[in-house]
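In what follows, a single structure is set out as structure tokens and then discussed.
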Amino acid sequence: MAFPAGAVAPRARWRIIRLHGTDRPLLRDAVADDLPALVALESTFPGDRLSARQYRHHLRSPRARLRVAVSEGRVVGASLLLTRSGSRRARLYSIVVDPACRGRGLGRVLLEDALVQAGRAGCGRLGLEVRADNSGALALYRGLGFTEQQRLPAYYDDGMDGLRLDKATDPDGMP
Ligand SMILES: CC(C)(COP(=O)(O)OP(=O)(O)OC[C@H]1O[C@@H](n2cnc3c(N)ncnc32)[C@H](O)[C@@H]1OP(=O)(O)O)[C@@H](O)C(=O)NCCC(=O)NCCS
């Protein structure tokens, strides 16, 4: 069944409602104390990982928005949004969920939050690049209405193609 862009499919809505219950993670801006947890999360990422040094840089940068999802006092997910001076297009540079917490709607919540954050930063669109073989991430992005803009041949170090996707942002949403 197809849903209009931006709409939430019933199954996903159920998951989000569940996240709003006792185990609902808190989304907040990352702070320096989150660094070890961020690096640990990144180690579960398939290739092209962000280093502690890069995270430190993004934490200080006014152009970066680093968000973490915290559940029971533990960082269980993160997203990194980058903006550029003079550009109305933000870039989702990274999104990752702790493997033990995947499949429960957290990636979707982080992505919806990124759309809101990008909109509030004055960006009308949120773009991202994803490995063409990352079917899980692609399902997440497409499910939220991201559409493919461009194929990027051999974009990744191992020769894998990338896909550039984007979507209009949501400045009025409730992260
Ligand atoms: C991609 C990632 C962030 C998804 O996080 P998640 O919390 O498991 O995702 P959600 O539970 O919110 O899933 C949302 C939707 O994405 C899709 N999806 C997510 N993972 C999937 C998978 N492995 N296979 C198929 N579909 C998947 C589902 O369609 C789901 O929709 P549904 O709720 O209707 O079932 C997570 O798998 C991850 O951290 N992967 C490693 C890092 C990575 O690849 N990041 C993206 C780089 S561009």
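The values are calculated or read from the model by the stated rules, or taken from the named source; none is laboratory data. In this text, all values refer to a predicted model and were calculated from it rather than measured experimentally. A quick note on method: Cβ atoms are made from the backbone with ideal geometry, for glycine too, and the neighbour counts reach across all protein chains shown.
The table for this structure:
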{"read-out": "Residue list for the range 43-63, filter: of a type outside the set (Phe, Trp, Tyr) and at pLDDT below 90", "value": "Ser43, Thr44, Pro46, Gly47, Asp48, Arg49, Leu50, Ser51"}
{"read-out": "Residue match in the range 61-80 (condition: part of a helix (DSSP H, G or I) and loosely packed, with under 13 Cβ neighbours inside 10 Å)", "value": "no"}
{"read-out": "Qualifying residue in the range 117-137 (condition: part of a helix (DSSP H, G or I) and among the acidic types (Asp, Glu))", "value": "no"}
{"read-out": "Failed criterion for Phe146 (all others in (1) free of Cβ contacts under 8 Å to residues at least 40 places away in the same chain; (2) more than 14 Å from Leu165 (Cα to Cα) hold)", "value": "(2)"}
{"read-out": "Only listed residue being in contact with a His (Cβ under 9 Å, 6 or more places away or on another chain) and modelled with pLDDT of 95 or more, chosen from Leu92, Leu82, Leu126", "value": "Leu82"}
{"read-out": "Candidate set from the range 142-175 (those that are within 14 Å of the ligand (Cβ to nearest atom), of a type in the set (D, E, K, R) and not in a strand (DSSP E or B)); member that is farthest from Gly105 (Cα to Cα)", "value": "Asp161"}
{"read-out": "Residue within the range 40-55 that is in a helix (DSSP H, G or I), without any contact (Cβ under 8 Å) to a residue 12 or more places away in the chain and away from the ligand (no atom under 13 Å from the Cβ) present", "value": "yes"}
{"read-out": "Filtered residue count, the range 11-39, keeping only those that are among the charged types (D, E, K, R), modelled with pLDDT under 70 and part of a helix (DSSP H, G or I)", "value": "4"}
{"read-out": "Top-ranked residue in the range 104-120 [being more than 9 Å from the ligand (Cβ to nearest atom) and of a type in the set (A, V, I, L, M); ranked as surrounded by the most Cβ atoms within 10 Å (Cβ to Cβ)]", "value": "Ala118"}
